[in-house]
Amino acid sequence: GSVRFDACEGPPKGGPSALLAPMTEDAARSQPPMFVVNVEAFVWRESDGRYLMLQRGASEEIAPGTLVPPGGKLELDDPREDTLARLLRREVLEESGVEVTDARLAESKVFDGSFNGSPLPILDLVFWCRWVSGAPRAADPEEVASLEWLSPEEIRADPRTMEWTRASLDLVEAVRPR
């Protein structure tokens, strides 16, 4: 399934290539990125009305021990077609072992971050998506300490949940199909 952008007007006439000239992989590797693209996936399990959340590992550089949705960043070797949908599915599968579908963009924001030790803005895209299959499992215990299915109320009340995750959850809940 592909990502639905309900709140967007769609790509420019002529497609994405109307905005950017193709860049070779060598050229892309020789210069630093202008920003990092990150996705977060609030994975919804309809049978009990819960989201899959993970607790970040204690050794994680950013927000160790906090409760967050699965996600990750765009890599240089990620596919050039259907990029966001494939990135979202890959990151959710890598971090949690579950398959997702029906993604809906809930939020996009930029925050200050870093890349290889240098300051760099992060473009963060937050999605609601539907769980399809798979039992949650942490592939890398250093990165993911635990995985839990939690109701929206449990996520909001959990002391491990950061304020920005609560704010994203409110936006995700607004786009969740009823």
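The values are calculated or read from the model by the stated rules, or taken from the named source; none is laboratory data. In this text the structure is predicted, and so the values were computed from the model without any measurement. As a convention, Cβ positions derive from the backbone with ideal geometry for all residues, glycine included, and neighbour counts pool all protein chains shown. SASA here: full protein model, heavy atoms, side chains in, ligands and nucleic acids out. Shrake-Rupley method; radii C 1.70, N 1.55, O 1.52, S 1.80 Å.
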- Query: Which number in (1) open to solvent by less than 50 Å² (accessible area, probe 1.4 Å); (2) small (Gly, Ala, Ser); (3) closer than 12 Å to residue 42 by Cβ marks the one condition that residue 174 misses?
  - Reply: (1)
- Task: Working only within the range 95-111, note down all residues that are modelled with pLDDT of 95 or more and farther than 11 Å from residue 125 by Cα.
- Result: 96, 97, 98, 99, 100, 101, 102, 103
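For the subset of the range 57-70 comprising residues that are more than 15 Å from residue 92 (Cβ to Cβ) and of a type outside the set (A, V, I, L, M), which member is surrounded by the most Cβ atoms within 10 Å (Cβ to Cβ)? Reasoning before the result, please.
Kept after step one, since they are more than 15 Å from residue 92 (Cβ to Cβ), are these residues of the range 57-70: 57-67.
Still in the list and also of a type outside the set (A, V, I, L, M): 57, 59-61, 64-66.
On the way: 57: 16, 59: 11, 60: 16, 61: 7, 64: 12, 65: 12, 66: 19.
Once the filter is applied, the top-ranked residue is 66.
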- Within the range 94-109, is there a residue that is assigned to a helix (DSSP H, G or I), open to solvent by 20 Å² or more (accessible area, probe 1.4 Å), touching a residue at least 40 places away in the same chain (Cβ under 8 Å) and not acidic (Asp, Glu)? no
- Query: What do you reckon, is residue 132 open to solvent by 60 Å² or more (accessible area, probe 1.4 Å) and aliphatic (A, V, I, L, M)?
  - Reply: yes
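Return yes when residue 137 is open to solvent by 80 Å² or more (accessible area, probe 1.4 Å) and over 14 Å from residue 71 (Cα atoms) and no when it is not.
yes
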- Query: Residues in the range 22-31: is at least one at pLDDT 60 or above, open to solvent by 20 Å² or more (accessible area, probe 1.4 Å) and either assigned to a loop (DSSP other than H, G, I, E, B) or within 28 Å of residue 144 (Cα to Cα) (or both)?
  - Reply: yes
- List every residue pair whose Cβ atoms sit under 6 Å apart, with the two residues 6 or more apart in sequence or on different chains, where the first one lies in the range 145-171 and is of a type in the set (Phe, Trp, Tyr) and the second, anywhere, is open to solvent by 60 Å² or more (accessible area, probe 1.4 Å). 149/50
- Leading residue by the ranking (most open to solvent (accessible area, probe 1.4 Å)) among those in the range 71-93 that are touching a strand residue (DSSP E or B) at 6+ places or on another chain (Cβ under 8 Å) and outside any helix (DSSP H, G or I): 73
